[in-house]
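**Q** The structure that follows is given in the form of structure tokens.
The values are calculated or read from the model by the stated rules, or taken from the named source; none is laboratory data. These numbers come from a predicted model, not from an experiment. Every residue, glycine as well, gets a Cβ built from its backbone with ideal geometry; the counts of neighbours run over all protein chains shown. Accessible surface areas use protein heavy atoms only, side chains included; no ligands, DNA or RNA. Shrake-Rupley method; radii C 1.70, N 1.55, O 1.52, S 1.80 Å.
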Amino acid sequence: MNQKEMNNFAAKLLANYLVYAPIKKAKEVIIEKINLAGQIDWTGAMPINTFKRVLLPPREVMFNVEGQEYKERLTSIRETILFGVNILDLQAITLLDHVFEKDVYYQKRRQDIFTVGLTGGIENDFRKYRVFHQAYEENVLEHVMFDVFIEKQKNGNFILFSGSEKGRTLLESCNIVEYENIEFAGLVPEKGVDNKIVQNRLAVENSEKHNLWKELAQTCLACGKCSIVCPTCFCFDEQDEATLEGVEKARRWSSCFYSDFSKTAGGKKDLDALAKKLYFWYTHKFVRVPEELSYYGCVSCMRCYKVCPVGINVARNLQALSSKESRK
């Protein structure tokens, strides 16, 4: 397909679905709900925000209690397309899909959401997050969950892949019959767990007494921006909120950097120092998630570094924990 045909495909989607896609605004690429196919940024560059808020809203009402009556709130949404999802964000969505696979609220919303991946097709360009090439088909696409994936080739044309029955139905409803089907083969490739996951886990899991955490605590503001912008952070608080009719139970995004995150009913806080919070955050991403799923708890998108007001760099910190001097 050429660019004109791809724009027509996007226009057909816009006629029938809500569509969120990366767009260029000022000097940033951001994800927003769009109205026109011409708004889409096709570069594959990393947006500053994520698709997470569509899948897992910042605030979601779970149920109401009015008198003695319990009313569950399973929110239905209009069918929605997440368009132009890069490989790293597809990995993040794949993680959320597994973490919340038994969560009825997430799954109710998820069944009406289609993921359409996109890559600029520049081989080995991990730093610019446009990675994909035919050689990666087996090692990458088989291990992320998506409905449709679009690869932009060097000549400017596009090739399409389907990754689910929903994806095949979506393509054929737009009169697209030339595509290749990719079956999801599980989170872990045949060759085994990604070596990067193993190395990061080894670096972090025995580092509780490392000086790095105290050093970072001298500069970290505990603002939680890293958690909010992160595509794989999924912690939330549940709160009972009074209404005119009774009480509603809602869940809201939270962060282990927030003051009351670890507060128990007796008022005790396990995370009572910033150094502990930092170690907890890294352990969750690089130890607990890989231990449970053998998958990425961090997809290396570096959004956290980009929004951090004091410039804390996760990649640099992992290198510090991995250094030979650090292990002595």
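**Q** Among (1) polar (S, T, N, Q); (2) in contact (Cβ under 8 Å) with a residue 60 or more places away in the chain; (3) within 25 Å of residue 91 (Cβ to Cβ), there is one condition residue 255 misses while meeting the rest; what is its number?
**A** Checking residue 255 against (1) polar (S, T, N, Q); (2) in contact (Cβ under 8 Å) with a residue 60 or more places away in the chain; (3) within 25 Å of residue 91 (Cβ to Cβ), the one that fails is (2).
**Q** Answer yes or no: is there a residue in the stretch 248-262 that is farther than 25 Å from residue 289 by Cβ and loosely packed, with under 13 Cβ neighbours inside 10 Å.
**A** The answer is no, given that none of the residues of the stretch 248-262 is farther than 25 Å from residue 289 by Cβ and loosely packed, with under 13 Cβ neighbours inside 10 Å.
**Q** Would the stretch 64-80 turn up any residue that is among the acidic types (Asp, Glu), in contact (Cβ under 8 Å) with a residue 24 or more places away in the chain and touching a helix residue (DSSP H, G or I) at 6+ places or on another chain (Cβ under 8 Å)?
**A** Yes; the residues of the stretch 64-80 include at least one that is among the acidic types (Asp, Glu), in contact (Cβ under 8 Å) with a residue 24 or more places away in the chain and touching a helix residue (DSSP H, G or I) at 6+ places or on another chain (Cβ under 8 Å).
**Q** Continuing with the same structure: I'm trying to understand the selection: among the residues of the stretch 6-53, which are touching a residue at least 60 places away in the same chain (Cβ under 8 Å) and within 16 Å of residue 152 (Cβ to Cβ)?
**A** Within the stretch 6-53, 6, 9, 10, 21, 22, 42, 43, 44, 45, 46 qualify.
**Q** Mind telling me which of the residues 22, 58 ends up being open to solvent by 30 Å² or more (accessible area, probe 1.4 Å), within 16 Å of the chain's Cα centre (by Cα) and closer than 29 Å to residue 300 by Cβ? Steps first, please.
**A** Details: 22 fails: open to solvent by 30 Å² or more (accessible area, probe 1.4 Å).
Result: 58 is the single residue among 22, 58 that is open to solvent by 30 Å² or more (accessible area, probe 1.4 Å), within 16 Å of the chain's Cα centre (by Cα) and closer than 29 Å to residue 300 by Cβ.
**Q** Confirm whether residue 301 is at pLDDT 90 or above, touching a Lys or Arg at 6+ places or on another chain (Cβ under 8 Å) and not in a strand (DSSP E or B).
**A** On the way: at pLDDT 90 or above: yes; touching a Lys or Arg at 6+ places or on another chain (Cβ under 8 Å): no; not in a strand (DSSP E or B): yes.
For residue 301, the condition - at pLDDT 90 or above, touching a Lys or Arg at 6+ places or on another chain (Cβ under 8 Å) and not in a strand (DSSP E or B) - is not met.
**Q** Here is a follow-up. I need the full set of residues from the stretch 293-311 which are among the small types (Gly, Ala, Ser) and open to solvent by less than 20 Å² (accessible area, probe 1.4 Å), in order please.
**A** Result: 297, single match.
**Q** Quick test for you: out of 204, 193, pick the one residue that is touching a residue at least 60 places away in the same chain (Cβ under 8 Å), among the aliphatic types (A, V, I, L, M), surrounded by 14 or more Cβ atoms within 10 Å (Cβ to Cβ) and not in a loop (DSSP other than H, G, I, E, B).
**A** 204
**Q** Which one of these is part of a helix (DSSP H, G or I) and either open to solvent by less than 60 Å² (accessible area, probe 1.4 Å) or closer than 19 Å to residue 164 by Cα (or both): 82, 13?
**A** 13
**Q** From (1) free of Cβ contacts under 8 Å to residues at least 24 places away in the same chain; (2) open to solvent by less than 50 Å² (accessible area, probe 1.4 Å), pick out the condition that doesn't hold for residue 269.
**A** Going through (1) free of Cβ contacts under 8 Å to residues at least 24 places away in the same chain; (2) open to solvent by less than 50 Å² (accessible area, probe 1.4 Å) one by one, residue 269 breaks only (2).
**Q** Which ones in the stretch 156-183 are open to solvent by 80 Å² or more (accessible area, probe 1.4 Å) and assigned to a loop (DSSP other than H, G, I, E, B)?
**A** Once the filter is applied, which keeps residues that are open to solvent by 80 Å² or more (accessible area, probe 1.4 Å) and assigned to a loop (DSSP other than H, G, I, E, B), the stretch 156-183 yields 175, 177, 178, 183.
**Q** Look through the stretch 238-247, keep the residues that are touching a residue at least 24 places away in the same chain (Cβ under 8 Å) and outside any loop (DSSP other than H, G, I, E, B), and return whichever of them is least open to solvent (accessible area, probe 1.4 Å). Walk me through it before giving the result.
**A** Filtering the stretch 238-247 for residues touching a residue at least 24 places away in the same chain (Cβ under 8 Å) gives 238, 243, 245-247.
Retained after the next criterion (residues that are outside any loop (DSSP other than H, G, I, E, B)): 238, 247.
On the way: 238: 99, 247: 62 Å².
Ranking the candidates gives 247 first.
**Q** For the stretch 207-237, give me each residue that is crowded, with 18+ Cβ neighbours inside 10 Å and more than 22 Å from residue 302 (Cα to Cα).
**A** Within the stretch 207-237, 210 is the sole residue that qualifies.
**Q** Sticking with this one: Out of 119, 80, I need the residue that is over 13 Å from the mean Cα position of the chain (by Cα), within 26 Å of residue 189 (Cα to Cα) and among the hydroxyl-bearing types (Ser, Thr, Tyr). Which one? First the steps, then the outcome.
**A** Details: 80 fails: within 26 Å of residue 189 (Cα to Cα).
So the residue among 119, 80 that is over 13 Å from the mean Cα position of the chain (by Cα), within 26 Å of residue 189 (Cα to Cα) and among the hydroxyl-bearing types (Ser, Thr, Tyr) is 119.
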